[in-house]
Amino acid sequence: NGSVIPLFKRQIENGGPVTVTHPDITRYFMTIPEAVQLVLQAGALAEGGEIFLLDMGEPVRIDDLARKLIRLSGYEPDVDIHIAYTGLRPGEKLYEELLLAEEETKPTRISKIFIAKPSDVDYDELMEKLNQLANHDNHADKIRVILKNIVPNYTSGDENS
């Protein structure tokens with residue numbers, strides 16, 4: 001649900017252009033039955049409080065997907081059907097990150113399901129930083145600095161990576 005495939009099909013049927021946000025953008029794809037099966041299996045594994053990570057396979061370049069759909073529809077990309085790059089939306093990333101580099105996983109008895117170990121957080125320190133954040137509600141630059149201090153891998157909406 002929410003896949004770009006129906007959108008691309010409509011755009012191809014209408015003669016194009018097919019709109020892609022960026023030539024290098026990638027996303028993971030999984031069929032609804034695959035996702036449901038993994039979620040049900042993860043639920044059966046749950047003992048309480050785990051964070052499950054599902055193996056979604058390899059990410060797909062959206063540009064490649066658009067070109068394949070154009071060819072499968074009997075057209076030649078950039079000849080019969082143009083691909084228009086619209087630019088990343090605010091906060092949109094080129095690559096999805098299923099897990100942060102500092103987070104670890106451990107396998108389960110089901111090969112496509114892992115348990116993620118969340119980063120440790122000192123509660124008192126976090127509350128102190130959140131209070132600092134609350135005291136700067138109208139100062140965007142100060143808020144960004146505090147957020148970066150709370151969440152080291154935070155990037156503002158102006159940064160797309």
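The values are calculated or read from the model by the stated rules, or taken from the named source; none is laboratory data. Worth saying up front: this structure is predicted, and the values here are computed from it rather than measured. Positions of Cβ are backbone-derived with ideal geometry, glycine not excepted, and every protein chain shown enters the neighbour counts. In case anyone asks, the SASA skips ligands and DNA or RNA and just uses the protein heavy atoms, side chains included. Shrake-Rupley method; radii C 1.70, N 1.55, O 1.52, S 1.80 Å.
Can you count the Lys pairs in the chain whose Cα atoms are under 20 Å apart, with each pair 8 or more apart or on different chains?
Lysine pair count for the chain: 5.
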> Picking from Ile143, Ile62, Pro77, whose Cα lies most toward the positive end of the charge dipole for the chain (charges on Cβ: Lys, Arg +1; Asp, Glu -1)?
Replying inline: Pro77
> How large, in percent, is the carbon and sulfur part of the accessible surface of the chain at a probe radius of 1.4 Å?
Replying inline: 53 percent
>> Regarding the range 54-152, what's the average projected area of the Cα-atom convex hull, expressed in nm²?
In response: 10.5 nm²
> Listed highest first by mean packing, meaning other Cβ atoms within 10 Å per residue, what order do 116-126, 81-91 come in?
Replying inline: 81-91, 116-126
> Calculated from DSSP H runs of 4 or more alone, at -39500 (n - 2.57) each and per residue, what is the 222 nm mean residue ellipticity of the chain, nearest 500?
Replying inline: -11000 deg cm²/dmol
>> Going by amide H atoms built from the backbone, whose H comes under 5 Å of the H on Ile81, apart from near neighbours?
In response: Glu76
> So for the chain, taking the charge dipole from beta-carbon charges (+1 Lys/Arg, -1 Asp/Glu), which of Pro23, Ile12, Ile115 sits furthest toward the positive end?
Replying inline: Ile12
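Suppose we keep just the DSSP beta bridges with both residues in the chain; what percent of those would be antiparallel, to 5? Each step should come with its number before you reach the end.
Details: 10 of 14 bridges.
Roughly 70 percent of the DSSP beta bridges within the chain come out antiparallel.
Given a 1.4 angstrom probe, what's the average accessible area per residue across the range 1-136, in square angstrom?
Numbers: 9290 Å² over 136 residues.
Accessible surface, normalised per residue, equals 68 Å².
About its Cα centre, what dipole magnitude does the chain give when the only charges are +1 on Lys and Arg Cβ and -1 on Asp and Glu Cβ, stated in debye to the nearest 20? List each step's numbers first, then the result.
Values: 17 positive and 27 negative charges, 123 e Å.
Its charge dipole is roughly 600 debye.
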> Expressed as an acute angle from 0 to 90° and rounded to the nearest 10, what is the orientation of the C-alpha long axis of helix 140-150 relative to the principal long axis of the chain?
Replying inline: 70 degrees
> Which ³J(HN,Hα) values, rounded to whole Hz and listed in residue order, are derived for the range 61-66 from phi using the Karplus coefficients 6.51, -1.76 and 1.60 in 6.51 cos²θ - 1.76 cosθ + 1.60 with θ = phi - 60°, glycine and proline given as x?
Replying inline: 6, 5, 4, 4, 4, 4
> So, with +1 on the Cβ of K and R and -1 on the Cβ of D and E, and no other charges, what is the size of the charge dipole of the range 54-98 about its Cα centre, to the nearest 20 debye?
Replying inline: 140 debye
